[in-house]
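Read the structure below first, then the notes.
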Amino acid sequence: LKELGREACRLFNEYEVSRDSGNDYLDISEVVWDNEAAKLIESMRQNGIERFTFSSGWSHAVETAWLFKEAGCTLEGLVEINSRYTEWNSDEHEKAHGYLFSIKL
């Protein structure tokens, strides 16, 4: 995976978590640093990803959402998704809230 690049490896890891959580779209739930946003979007374009959710609870999440917009994404709205964490003593995933973005390929 190293030859694919850091961003592609991150997307693959986030995809696995999203799939295992039962989400319809790739969800970026961890911190995205300012210098990573455009690279992540370009990697999504290269891999044919047309929509993704961003559900990071980090205090600068709205600033990161703006960086996604600046990288050519369109904010479609707010959504509820399954978080990576399960409810205590259950197999049900906790609900999380996030932004739904589309990407022009």
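General remarks:
- When a 1.4 Å probe is rolled over the protein heavy atoms, the share of accessible surface on the chain that falls to carbon and sulfur comes to 49 percent.
- Rounded accessible area of SER90 (nearest 10 Å², 1.4 Å probe): 40 Å²
- Residues in the range 48-85 reached by a label modelled at GLU42 [backbone nitrogen below 13 Å; 7 Å Cα→Cβ]: 71-72
- Average Cα contact separation per residue, the range 6-103, under 8 Å, 6 or more apart, as relative contact order %: 30 percent
- Long-range Cα-Cα pairs in the chain (distance over 18 Å), rounded percent: 45 percent
- Where the chain is the region considered: accessible area per residue in Å², 1.4 Å probe: 64 Å²
- SER83 long-range amide H proximity, modeled H, under 5 Å: GLU94, LYS95, ALA96
- In this structure, ASP34 and SER102 have a Cβ-Cβ separation that, at R0 = 30 Å, corresponds to a calculated FRET efficiency of about 0.90.
- Two-site label geometry, HIS60 and LYS95: point separation in nm, points 7 Å out along Cα→Cβ: 3.0 nm
- Summed side-chain charge close to ARG10 - residues other than ARG10 whose Cβ falls under 10 Å, Lys, Arg +1, Asp, Glu -1: -2
The values are calculated or read from the model by the stated rules, or taken from the named source; none is laboratory data. Everything numeric in this text was worked out from a predicted model, so none of it was measured. Counting neighbours? That spans all protein chains shown, and the Cβs are built from the backbone with ideal geometry, glycine included. Just so you know, the surface numbers come from the protein's heavy atoms only, side chains and all, with ligands and any DNA or RNA stripped out. Shrake-Rupley method; radii C 1.70, N 1.55, O 1.52, S 1.80 Å.
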